[in-house]
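The values are calculated or read from the model by the stated rules, or taken from the named source; none is laboratory data. In this text, all values refer to a predicted model and were calculated from it rather than measured experimentally. Glycine gets a Cβ as well: all are built from the backbone with ideal geometry, and neighbour counts include every protein chain shown.
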Amino acid sequence: MVEVFASLQGEGPFTGSRSVFIRLAGCDLRCPFCDTVYSLDPRAGRPVDVEELARVVEEERPSLVVVTGGEPLLQRRGVNELARLLAGRGYRVQLETNGTLPAPEPGEPLYQVYHVVSPKDVPVAVEGARLHPSWVEASRSTGRVWFKFLASSEEHVEAVARYVEEKGIPWERVYVMPLTREGMSPEELLGLHRRVARLALDHGFNFSPRLHLLLGLR
Ligand code: SF4
C-alpha cells in the first residue's frame, strides 16, 4: 500500500461521497498523463494487514471505500481479502482499475463490489493498454461496473463514442471526464469542465467532473 486518506470521491458515479481512499502500489501501464506516478513502482508501497486498513476505515466512518492505485488488481488476492472484510462489515466498496486484467468472477468477494474502469487504449492510446473483454460483459450483467474516459476535445469524445460502439459497452454506463494538465489555473480547469460537459451531453454520455481538482482536495 502507498497511502490511505480520507477525502471526497471526485469522479464517477459516486462523486461527492465521503470516502476513504486506499492506494496500492504497482501498475502495468505507464500513462504519460498519470497523476499518481509515485504509486507505479511496486516498491513504492509497504506491506499492510487488511485488519489495520479496516481499523483506519472504521475511524473515518466513510460512506464509500475506494481501492485504487496504481492498478489494484495486480494484488488480486489481497484486494479480494480486503473486499470480503469491508463488505462483510457493511461498507460500500468501489475499485478503480485500468481494465487490462480480467473482471472478478462470481464467487470472488470482489464480484460484489462496485467497479469503475478507466480504459487507457482510447482516446490517447497508451502502450500495452487493452481493455479485457470480461469488463464489457460484467457491465451488462452485474449492474456494478461503469467506465470513465478522459477527454479534452471533440476528437477525443468522438473516439470514445466509436470505441463504446465497437466494444458494445452500454452507453448509460459511460462517463466522460476532463483530461487535465498539470499546473492548470482554476479558470482553465473550470473552462475545460464546461467544454467537456457540453461535449458529453452532445454525444449522449454521462459527464463526470474532477471535483477534487476543482476544490483543491486530494
Ligand atoms: S493506469 Fe492509472 S495509475 Fe497506471 S499509469 Fe495509467 S493513469 Fe497511472
Original post:
Only one residue in Glu166, Glu154, Glu137, Glu188 is in contact (Cβ under 8 Å) with a residue 40 or more places away in the chain, out of contact with any strand residue (DSSP E or B) (no Cβ under 8 Å at 6 or more places or on another chain) and among the acidic types (Asp, Glu), so which one is that?
Top reply: Glu154
Original post:
Do we find that Ala159 is buried (at least 20 other Cβ atoms within 10 Å of the Cβ), out of contact with any Asp or Glu (no Cβ under 9 Å at 6 or more places or on another chain) and part of a helix (DSSP H, G or I) in this structure?
Top reply: no
Original post:
Glu166 is checked against (1) more than 21 Å from the chain's Cα centre (by Cα); (2) on the phi > 0 side of the Ramachandran plot and fails just one. What number does that condition carry?
Top reply: (2)
**OP:** Please tell me if Gly107 is within 18 Å of Gln75 (Cα to Cα), surrounded by fewer than 18 Cβ atoms within 10 Å (Cβ to Cβ) and modelled with pLDDT under 95.
**Re:** yes
Subject >> From the options Val50, Val117, residue that is β-branched (Val, Ile, Thr), in contact with a helix residue (DSSP H, G or I) (Cβ under 8 Å, 6 or more places away or on another chain) and within 24 Å of Gly143 (Cα to Cα) >> reply: Val117
Original post:
Does the range 39-62 contain any residue that is of a type in the set (Val, Ile, Thr) and either under 27 Å from Ala151 (Cα atoms) or within 16 Å of the ligand (Cβ to nearest atom) (or both)?
Top reply: no
Original post:
Quick check: is even one residue across the range 114-121 more than 16 Å from the ligand (Cβ to nearest atom) and in contact (Cβ under 8 Å) with a residue 24 or more places away in the chain?
Top reply: yes
Subject >> the range 20-38, residues that are near the ligand (Cβ under 7 Å from one of its atoms), surrounded by 14 or more Cβ atoms within 10 Å (Cβ to Cβ) and more than 13 Å from Val2 (Cα to Cα) >> reply: Leu29, Cys31, Cys34
